[in-house]
Amino acid sequence: MKGISYILALVLLGLLVFFAFKDSKDGVTYKPSNDSINLPLIGLDGNTYDLKKYSGEIVLVNFWATWCPPCMEELPIFEDVYRKYKDKGFQIVAVNMDPNASTLKEFLSKNPYTFDIYRTKEEAIRELNISGFPTSYLVDKDGKVCKVRLGIYRELEDDVKNLIEKGKKC
């Protein structure tokens, strides 16, 4: 019985990897299952915020962790895009998923980023059905989720530029 469970787990893992990466060598983009996204955000100051704070702006909501190599690779990409487009109505909400806040604070002391970084409650992640890190949600000025990206979001600048040029719609 133990052997069958092991084989079934390997098959399921193989299928997950196949379907997650069949469209791209770096990850997968898929249609959002929700029209909008909202979750409680816990600031580094301990106060609670929500995404309504960013109403009227294009927002990238990214779920990441310090132990995740692809996350570490994409954070500098995000910093570059943020610096380039923040004055044009683009914001980044980076939601750290490390088990404790001290790990995040230590990381940020060595890696200062200028975009907003928060934590959230685990149940919020379960509600969004996030299956891995990094996962990013690109949200337009109306609060509609345009794109969900699992894996390194290398095409972020192109997507943000297109949203800015279109005005505000996905």
Task: Count of the stretch 60-74 residues which are touching a residue at least 12 places away in the same chain (Cβ under 8 Å), of a type outside the set (S, T, N, Q) and either part of a loop (DSSP other than H, G, I, E, B) or open to solvent by 10 Å² or more (accessible area, probe 1.4 Å) (or both) - done: 5
Task: Residue that is among the hydrophobic types (A, V, I, L, M, F, W, C) and modelled with pLDDT of 95 or more, where the choices are V17, V11, V59, V28 - done: V59
Open item on the list: Given the criteria open to solvent by 30 Å² or more (accessible area, probe 1.4 Å), more than 19 Å from G167 (Cα to Cα), out of contact with any Gly (no Cβ under 6 Å at 6 or more places or on another chain) and not aliphatic (A, V, I, L, M), does K84 qualify?
Closed with: no
- [ ] Find the residue count for the stretch 134-154, including only residues that are surrounded by 17 or more Cβ atoms within 10 Å (Cβ to Cβ) and either at pLDDT 95 or above or within 15 Å of V95 (Cα to Cα) (or both).
- [x] 12
Open item on the list: Going by what's in this entry, would K121 be described as touching a Gly at 6+ places or on another chain (Cβ under 9 Å) and open to solvent by 40 Å² or more (accessible area, probe 1.4 Å)?
Closed with: no
- [ ] State all residues of the stretch 41-52 that are free of Cβ contacts under 8 Å to residues at least 12 places away in the same chain and of a type outside the set (D, E); if no residue qualifies, say none.
- [x] G46, N47, T48
- [ ] Please enumerate the residues belonging to the stretch 75-103 that are part of a helix (DSSP H, G or I) and farther than 22 Å from I42 by Cα.
- [x] P76, I77, D80, V81, R83, K84, Y85, D87, K88
Open item on the list: within 20 Å of E123 (Cα to Cα), outside any strand (DSSP E or B) and either touching a Ser or Thr at 6+ places or on another chain (Cβ under 6 Å) or at pLDDT below 50 (or both): is that true of L39 in this structure?
Closed with: yes
Open item on the list: Just the residues that are over 16 Å from the mean Cα position of the chain (by Cα) and open to solvent by less than 50 Å² (accessible area, probe 1.4 Å), please, taken from the stretch 47-56.
Closed with: G56
Task: Yes/no for K147 being touching a residue at least 24 places away in the same chain (Cβ under 8 Å), of a type in the set (D, E, K, R) and touching an Asp or Glu at 6+ places or on another chain (Cβ under 8 Å) - done: yes
Task: Residue match in the stretch 96-109 (condition: touching a helix residue (DSSP H, G or I) at 6+ places or on another chain (Cβ under 6 Å) and buried (at least 20 other Cβ atoms within 10 Å of the Cβ)) - done: yes
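The values are calculated or read from the model by the stated rules, or taken from the named source; none is laboratory data. Please read these numbers as outputs of a predicted model, since none were measured by experiment. Here the Cβ is made from the backbone with ideal geometry for all residues, glycine too, and neighbour counts use every protein chain on show. All accessible areas refer to the heavy atoms of the entire protein, side chains included, with ligands and DNA or RNA removed. Shrake-Rupley method; radii C 1.70, N 1.55, O 1.52, S 1.80 Å.
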